[in-house]
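Notes to accompany the following structure.
Just so it is clear, none of the values below were taken in a lab; they were calculated from the coordinates. Worth saying up front: this structure is predicted, and the values here are computed from it rather than measured. Every residue, glycine as well, gets a Cβ built from its backbone with ideal geometry; the counts of neighbours run over all protein chains shown.
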Amino acid sequence: MMLRLIAAACAALACAAATASGGDAYDRFVNRGASDIAPARYQNGELGVLLPSFERMYLYAAWRAIALGAQELKTQPNRSGGLERALGSKAGGWLDAGDGAKVYAAWQGAVGSALKRAPAPKNDNDMLARGYLNCPTGAYSFATDTLNGLAKRADATPARLAAWVASQRQVFKFCGDDPDAQQRGYGAPKVVLAPPAELPAGEALYWRQMQQYQLAAAAFYDGNYTVSAQRFAQIGATADHPLRQWGDYLNLRSLARAASQAANQAASQAAGQAAEQNPAAARLAKAGAAGLQEDRLAAITVAAQKIQRDPALASLHEASRAVVRAMQVRLTPQARFEQLSRLLDEPHADPYLDDHLGDWRVLADDRLSEWTSKDKQAASQQLRGATGFIDWIQTLQQCGPPPDAGNGNSNDGAGAATGKAADASCAPQRAHALQQWRKRGGDAGQARVWLVAAAVKAGQMPADLEQAALKVPAGSPEYLTLRYALARHYRIKGQAEQARAIGDAMLASPALSASASSNARNLFLQERFAVAASPSDAANYLLRTVSRSADADTGESARAAEPPQVAADGLRWLNGGLSTAELLALAGHPKLDAGLRASIAVAAWMRADLLGQSELALQAAQLAQAAPALAEAMRQYRALPAAPARRHAMVLSALRYGLSPVVNGSRVEADSKPRDKAEALADLWCKIPTGAAGWGAPDTDIELSPPAPETGRADARGKEMASLGALPTSTGFVGAHVLQRAAAVPADPDLPWLLHVVVQSTRGGCLDADAKALSKNAFNLLHKRYKGDEWARKTPYFY
């Protein structure tokens, strides 16, 4: 953040640095990396359900809020926007090319107006005009404003304005924007540029002074910081200089850039010596570099203090302090990290003063990372022992998900293995959290934070921890987190009634509603769903709202509303946790919307038909008939007298509408239309019940959730799942059915199209081992029996 403050204050010499937004997989229903509560509310103690996987800034804000308590937090320094500033949620991200295009167009317009020239014809290949700028947008805005002011002067002549524009264009070349240059290839040598030609001594002083700034800027962008510092210092020392206010500040910026450059060189030298297996030389180089960096920091501090003593430069006081803070981080990182950690470890102090928390974040992202150097790890471990909030954060973060009874995510035992591994890796942190809580009885604030850590890391809670968690009042920042931990505790302990009671109470509670957190609500829904007593009970907790999350580039938290959806735990249960009869009963549940009920009815219908359960299939078809899009197809199915004819009708309808016996979360909408016959494929399932072709199994790798509920009828369900699981893929099943149909009803007018579908379906996706033979058989039959048919012409190959 302090680097961004520098960029904002530095105007023409702001340093552009775009950061790419992350593209990691995420849980759509629970944002695991950050709270979905707005930073301003979160900073004020509205924490929702705290997860140990949250980014450190969120964990620190939670630590402070819990340590102080709801009432005391209101009385302590807590400046508005502090957490958002520390997070950097609105200042980072890609540079918007649209903004770049606007500032560049404004610059070009100012040039045209000042020089009285018509705008150049538009060139679609002009990357600068399209907004892809290397120079900071602030530099263009500053130049535009300056040129507009110069053009209004009484002594402005075409020659003077042209000379100033020529100098400024040369400055832009130094920071990488030359509209006439070819883009330099990777690894090509840097183009050597000449600085702007200095105006003759006989030129008016004002115009020469305005160019002095350009000469200094060109040296700055060229990396010649010694020259730029001298030139900017001269501007700052000239009392009547028109740009005097920027002189000392940009001299300071030049000193900072020079110090950063030297630090980079020293680091490279030390790394090279280490690589040459000369540890003694490396240590000596490191010590020497540290001393030089302290000297440079001292010089930078003196230059900043000079600015801060000048009332005329009041607008740059904060920016100069930001430069010093940035260089403390850059030049003496370990000392600054320790200093900031001590400051932040006092919850009554203001963590947002001078962006202390944001500066700490920059250092912590390196020094507390698992992949950092051994030296930094050792230093951080030592600091952890002496700094309470770091110990708390590290305790929460250092291991996998909380221990769980399988930790969900599968019906085949893999989830249980994962849960056991997580349980083992968390054991030391869990024991440490419990120990810290038990010994903090005399410090109410620290007892609260370690109670949270112990409860969050625990699976089953010891009795004293459980009782302490139950006593936390509803107005406390940690209330929802501890109630969630209790719900999980009761489930894992096998106390289903208590788990259901606390889950229902929380889902109806004002505290959860007031949090306006879909994260928190979905977590409680997960827990309540996992202890459902029956399929009908489970359906009440099946649907989740997609979690709102901040955009990594803009920091905005708004997201278009989406209808509630079935998450991975619900999909596992619908597809593997219910018998066909139970699935059919669920299709009429009033808590589910019509589109989802229709999808469940279709899955029950197809499963019943595949299993030869004629009566259930007819009942399911009658229920699915309520979907307008499927009404006619279901009526026709129910009107057919015999199972073979119904089976064929089921296959036709499934192909035409893309229906599946696997519930994948999609809905049968009222306006659903049949697929184009040319686009139809036998992509109805891969293996039942694990996934549908084109959808695959539920994305359990990222949707962490408890195991699906066990809602009875295990024997009937087990037999049905075994039978359905023994079926081939839908491509193999439909292919065998179509070939059998061709032998039994050779006059069926749909056969050419169906044979085409079989061949096309063997191109890829979920296939059986005999898919090639199936494709060839269907292809040969199509071209032998229906030679000249349009579907034969559309099937030139088999696969």
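Given charges of +1 on the Cβ of Lys and Arg and -1 on the Cβ of Asp and Glu, with all other atoms neutral, how large is the dipole of the stretch 561-677 about its Cα centre, in debye to the nearest 20? Walk me through the numbers on the way to the answer.
Values: 13 positive and 10 negative charges, 65 e Å.
Roughly 320 debye, rounded to the nearest 20.
Which of the aspartates and glutamates could a cross-linker span from Lys591 if the Cα-Cα distance has to be under 16 Å and same-chain partners fewer than 8 positions apart are dropped?
Straight-distance partners of Lys591: Asp504, Asp537, Glu582.
Placing one identical point scatterer on every Cα of the stretch 97-331 and ignoring solvent, what is log10 I(q)/I(0) from the Debye formula at q = 0.09, 0.11, 0.13, 0.17 Å⁻¹?
The Cα Debye sum returns log10 ratios of -0.48, -0.69, -0.92, -1.31.
Would you work out which of Val103, Pro749, Leu87 lies farthest towards the positive end of the dipole of the chain? Charges go on Cβ: Lys and Arg +1, Asp and Glu -1.
So the residue furthest toward the plus end is Pro749.
What whole number of Å gives the distance from the Cα centroid of the stretch 361-380 to the Cα centroid of the stretch 428-477?
Answer, in whole Å: 27.
Charges on Cβ only, +1 for Lys and Arg, -1 for Asp and Glu, centred on the Cα centroid of the chain; of Ala654, His589, Gly718, which one is farthest towards the dipole's positive end?
Ala654
Sort 523-529, 590-596, 338-344 for me by packing, meaning the mean count of neighbouring Cβ atoms within 10 Å per residue, highest on top.
Result, highest mean first: 523-529, 338-344, 590-596.
Take the stretch 28-163, compute every pairwise Cα distance, and split them into 5 Å bins from 0; I just need the percent in each bin.
So the P(r) values, bin by bin, are 2, 9, 14, 13, 10, 7, 7, 8, 8, 8, 7, 5, 3, 1.
Below 30 Å Cα-Cα, how many Lys pairs turn up in the stretch 97-331? Only count pairs eight or more apart in sequence, or on different chains, if you could.
Number of lysine pairs found: 13.
From the Cα gyration tensor of the stretch 322-361, with a ≥ b ≥ c the square roots of its eigenvalues, which class applies: rounded if a/c is under 1.5, or else prolate if a/b is larger than b/c, or else oblate? It would help to have the intermediate numbers written out before the result.
Numbers: a/c = 2.81, a/b = 1.53, b/c = 1.83.
Oblate.
Tabulate in residue order the Karplus-calculated ³J(HN,Hα) for the stretch 769-776, using 6.51 cos²θ - 1.76 cosθ + 1.60 with θ = phi - 60°, rounded to whole Hz; enter x for Gly and Pro.
With coefficients 6.51, -1.76 and 1.60, one gets 5, 9, 4, 5, 5, 4, 4, 5 Hz.
Students often forget the sequence filter, so: which lysines lie under 20 Å Cα-Cα from Lys787 once same-chain residues fewer than 8 apart are removed?
Lys677, Lys776
Rg and Dmax of the stretch 565-793, Cα atoms, in Å?
So, for the stretch 565-793, Rg and Dmax equal 17.5, 57 Å respectively.
Select from the stretch 168-237 those chymotrypsin sites (Phe, Trp or Tyr not before Pro) which occupy a DSSP coil region and have at most 15 other Cβ atoms within 10 Å, ordered by residue number.
On the way: sites: Phe172, Phe174, Tyr186, Tyr206, Trp207, Tyr213, Phe220, Tyr221, Tyr225, Phe232; in loops: Tyr186.
Answer in residue order: Tyr186.
Would you pull out the residues with amide H under 5 Å of Gly33's amide H, same chain only if 5 or more places away, H placed 1.01 Å from N?
none
Which Cα, out of Gln495, Pro333, Ala163, lies furthest along the positive dipole direction of the chain (beta carbon charges, K/R +1, D/E -1)?
Farthest along the dipole direction, towards plus: Ala163.
Can you give the charge dipole size of the chain about its Cα centre, rounded to the nearest 20 debye, using +1 on the beta carbon of Lys and Arg and -1 on the beta carbon of Asp and Glu? Display every interim value, and only then the final one.
Numbers: 86 positive and 76 negative charges, 108 e Å.
Computed charge dipole of the chain: roughly 520 debye.
Given the stretch 284-368, report the % of alpha carbon pairs whose separation exceeds 20 Å. It would help to have the intermediate numbers written out before the result.
On the way: 1544 of 3570 pairs.
Tail of the P(r) past 20 Å holds 43 percent of the pairs.
For the stretch 745-799, count all C-alpha to C-alpha pairs, find those more than 13 Å apart, and express that count as a whole percent of the total.
52 percent
Given 20 Å bins starting at zero, what is the percent of C-alpha pairs of the chain in each, up to the one with the largest pair distance?
13, 32, 30, 21, 4, 0
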